[in-house]
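Engineer: This structure is in structure tokens; I'll ask about it shortly.
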Amino acid sequence: MLYDIMEWSCMIGAFLALLYTLPRLARHFTDAAVVAVSVYFACSFLSFFLGLDFVWPHLADLFGFRNITTIMIHCIVVVLTAAQQVVLVHWSYPPKLAGAKARKRVLAFGMMIIILIAMFVFALPSRRHDAETASLLNMQNPRYCAYLYLYLGVIAVGQIITMRLSVHYAGIAPRAWLRRGMWIVAAGSCFILVYCAVRYMEIIGVQSGADMERLDAVQWFAGDVGSLLELVGWTIPGWGPWLSRARRWGADYRAYRRLHPLWAVLCETSPMIVKAPQRSRLADHLPPRDPEHRLYRRVIEILDGQLALRPYLHSGDAEEAQRQARESGFHEEACQATAVALQLHAALRAKAEGQASPDPSVTFSSAPGDDLRDQVRWLTMVAEAFTRTRPARTTASASGAPRI
């Protein structure tokens, strides 16, 4: 069951990646890296598709050879291994040098394919079983074992080179998601190397007469996980930025909602700060189409609301707010945000009572940074402290103190 899930996941993932790449291939069909990555996705899809139990028997009947899909899949895997290296070489080196290096790799892997085909025809494994155990049962054939030794060696060397080039390019890649993708490709290569190592152990074990059936699950699992990781690594530079945008959208909407209590009070006290008609209470809870723009507007309106309250901020209220905040036990920044929240409560009360401040120089503490993200983080802390505190009279207006 798990085997089928992994195989189908890899096949569908490769097919979707190929569909995603085809439009780019149509626009850049002369770009060797784009062609190579498209070949990689196509070969990944075929390597899993041809091994399905409802596919290979028809091909076997068509060619009259029960094991035709075995050599076809192995050759396809060699091609996709070469394609990976062509992509990485073109990304890592100047065009002239990359072209020469890519041609050498294509020639070397092409020669390996010819040798593998010749050895497979010579080995002629006579039995064909289900995809999970076919190679294990054929390992009793010494000639087929020699063929597997070479095939696994080609794949192992190819994955070692792919891992090395991926790590190298991860260090110079210009985009964050591209760097992450290369590290994921390198991790996938490690799993495929585990697959190769386990296969070598199986060959030795079967030839020694040991029962290697339990170990067989390890090799196909490592191979499938490695293939899936490499597919993710090669595709994540395309869809990874969507994750970043989705995460940023969610963060903006959460901040937008967390600022609402403070914003609503300031809007009620100073309606002139609202830059656009207010949405209904229900509409304000719904996710806006552009939360970043609405968040920016909400931040500006809150800052304008603070500015409108400055004439009612008494120095005694500010000192009492600082004292209360210090006693709260919060860390420095949270302590300052709490002080601002307490000052806002005092200024709102003073405005409601018509008690203007005789000292216009008293002001609110501002965000520690200048950009929007710093303002959002700071005002979110202030808004949470504003909701947490309860207004009470301070030194400026009689007795008592705000409670936290």
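Engineer: Give me the pairs, please: first residue somewhere in segment 75-86 and in a helix (DSSP H, G or I), second residue anywhere and charged (D, E, K, R), beta-carbon distance under 6 Å, and either six or more positions apart or on two chains.
Structural biologist: What qualifies is ALA82/ARG105; GLN85/ARG105.
Engineer: Just to be sure, is VAL299 modelled with pLDDT of 90 or more, in a helix (DSSP H, G or I) and surrounded by fewer than 21 Cβ atoms within 10 Å (Cβ to Cβ)? Give the derivation first.
Structural biologist: On the way: modelled with pLDDT of 90 or more: yes; in a helix (DSSP H, G or I): yes; surrounded by fewer than 21 Cβ atoms within 10 Å (Cβ to Cβ): no.
Spelling it out, it is not the case that VAL299 is modelled with pLDDT of 90 or more, in a helix (DSSP H, G or I) and surrounded by fewer than 21 Cβ atoms within 10 Å (Cβ to Cβ).
Engineer: Would you check which residues across segment 17-35 are of a type outside the set (Val, Ile, Thr) and without any contact (Cβ under 8 Å) to a residue 60 or more places away in the chain and list them?
Structural biologist: LEU18, LEU19, LEU22, PRO23, ARG24, LEU25, ALA26, ARG27, HIS28, PHE29, ASP31, ALA33
Engineer: When segment 26-57 is examined, which residues are found to be part of a helix (DSSP H, G or I) and closer than 24 Å to MET1 by Cβ? Walk me through it before giving the result.
Structural biologist: Just the residues of segment 26-57 that are part of a helix (DSSP H, G or I), to begin with: 26-27, 32-49, 56-57.
SER44, PHE45, LEU46, SER47, PHE48, PHE49, TRP56, PRO57, listed by residue number.
Engineer: Note down all Cβ pairs under 6 Å where the first residue falls in segment 38-53 and is touching a residue at least 40 places away in the same chain (Cβ under 8 Å), the second is outside any helix (DSSP H, G or I) and of a type outside the set (Ser, Thr, Tyr), and they're at least six residues apart or on different chains.
Structural biologist: Cβ pairs passing all conditions: GLY51/ALA131.
Engineer: Please pick out the residue among ALA392, ALA318, ALA398 that is assigned to a helix (DSSP H, G or I) and at pLDDT below 85.
Structural biologist: Working: ALA392 fails: assigned to a helix (DSSP H, G or I); ALA398 fails: assigned to a helix (DSSP H, G or I).
The match here is ALA318.
Engineer: Of all residues in segment 58-74, which are outside any helix (DSSP H, G or I) and exposed (fewer than 15 other Cβ atoms within 10 Å of the Cβ)?
Structural biologist: The first filter runs over segment 58-74 and keeps only residues outside any helix (DSSP H, G or I), leaving 64-67.
Once the filter is applied, which keeps residues that are outside any helix (DSSP H, G or I) and exposed (fewer than 15 other Cβ atoms within 10 Å of the Cβ), segment 58-74 yields only GLY64.
The values are calculated or read from the model by the stated rules, or taken from the named source; none is laboratory data. Note that the structure is predicted; figures quoted are calculated from it, not measured. We place every Cβ from the backbone using ideal geometry, glycine too, and count neighbours over all the protein chains shown.
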